[in-house]
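For reference, the structure is listed below as structure tokens.
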Amino acid sequence: MVINLNGVNYYYEIAGQGEPLMLLHGFTGDVSTWKLSRLSDSFKVITIDITGHGKSDAPADPNRYTMEAVAKDLCDMLNILGINRIHLLGYSMGGRLALSFTMFYPERVKTLILESSSPGLKTEEERKNRIRQDEHLANTILEDGIEHFVNYWENIPLFKSQTQLPEQVQKSIRKQRLKNSPLGLANSLRGMGTGRQPSWWDRLQKCEIPVLLLTGEIDQKFCQIAKEMEADLPNCQRIVFPNVGHAVHLEDPVSFDQSILRFFSK
């Protein structure tokens, strides 16, 4: 289904019955990243292609990709769908968006689940360095094309553990990534990159809703980030999954779903 939000067409899917749970994919992903999940057996699951990804529009203006702009789109989407409060789950970039949405619209979120994500960068120097890196990567995507970029992206150390996935799953992920708009990915880096987004480290103490942090033990960087976040969040649980890396929902989908169901059963 397609919905127009402030001039941008978003592709989304709804499956299942129960309380609404929105899933937000990572950079280069789309709604299909959640296809191994069975959460729709227990919830009304709403998946959406984030701006510049999948079948959603890829606006030419990078300002249309900022956390503030996209969070407002999601808020307006909930209004149109008649949903007052939602459970929110985000992976990586989608986790940064989920946390940002929670900070902008705390009254709209019941619970927050963050998979391999962060509240942004702590210092101005880190943010400036990351903006430069993301601008270089954005230019590379536009100059060298989507296939060259995907070849690079799927071989970065963050995704090394995904080489253990079944070959058919790896091919499916690659095929999906290649369908993305080069302009959409480039502007996503420019507008929603880790350096561009607000840093939420100083606001975590004010997030009083239940939060679940999920990471894979191979992904030591995000395990450490989650550990630091846990110390600041007043109502938080943290789970580290053995023998998997950044994309827990792909590398161990059964345990991923089970951990979420246990979180809601408490």
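The values are calculated or read from the model by the stated rules, or taken from the named source; none is laboratory data. What you see is a predicted model, and the numbers here were worked out from it, not measured in a lab. Here the Cβ positions follow ideal geometry from the backbone for every residue, glycine too, while neighbour counts run over all protein chains shown. To get the accessible areas, we keep the full protein, side chains included, count just its heavy atoms, and leave off ligands, DNA and RNA. Shrake-Rupley method; radii C 1.70, N 1.55, O 1.52, S 1.80 Å.
Listed by first and then second residue, the pairs linking a residue in the stretch 250-266 that is part of a helix (DSSP H, G or I) to a residue that is among the charged types (D, E, K, R), with Cβ atoms under 7 Å apart and 6 or more places separating them unless they lie on different chains, are Asp257/Arg38. When the test is whether a residue is acidic (Asp, Glu) and within 27 Å of Asp219 (Cα to Cα), Glu126 passes it. Among residues of the stretch 11-24 that are on the phi < 0 side of the Ramachandran plot and among the aromatic types (Phe, Trp, Tyr), those with a beta-carbon under 6 Å from a residue that is in a strand (DSSP E or B) and modelled with pLDDT of 95 or more at least six positions away or on a different chain give the pairs Tyr11/Val2; Tyr12/Ile48. Looking across the stretch 245-255, just one residue is among the β-branched types (Val, Ile, Thr) and within 18 Å of the chain's Cα centre (by Cα), and that is Val248. Residues of the stretch 77-134 that are among the charged types (D, E, K, R) and touching a strand residue (DSSP E or B) at 6+ places or on another chain (Cβ under 9 Å): Arg85, Arg96, Arg108, Lys110, Glu115.
The set of residues from the stretch 3-60 being in contact with a strand residue (DSSP E or B) (Cβ under 8 Å, 6 or more places away or on another chain), aliphatic (A, V, I, L, M) and under 25 Å from Val150 (Cβ atoms) comprises Leu23, Leu24, Val31, Ile48, Ile50. Restricting the first member to the stretch 60-77 and to residues that are of a type in the set (Gly, Ala, Ser), and the second to residues that are surrounded by fewer than 18 Cβ atoms within 10 Å (Cβ to Cβ), the beta-carbon pairs closer than 6 Å and six or more apart or on different chains are Ala71/Phe104.
The residues in the stretch 207-222 that are under 25 Å from Lys266 (Cα atoms) and either open to solvent by 50 Å² or more (accessible area, probe 1.4 Å) or free of Cβ contacts under 8 Å to residues at least 60 places away in the same chain (or both) can be counted, and the count is 2. Listed by position, the strands (runs of 3 or more DSSP E) enclosed by the stretch 1-98 that each have at least 3 residues that are crowded, with 21+ Cβ neighbours inside 10 Å are 20-24, 44-48, 86-91.
For the stretch 99-118, the tally of residues that are surrounded by 20 or more Cβ atoms within 10 Å (Cβ to Cβ) and either hydroxyl-bearing (Ser, Thr, Tyr) or more than 20 Å from His249 (Cβ to Cβ) (or both) stands at 6.
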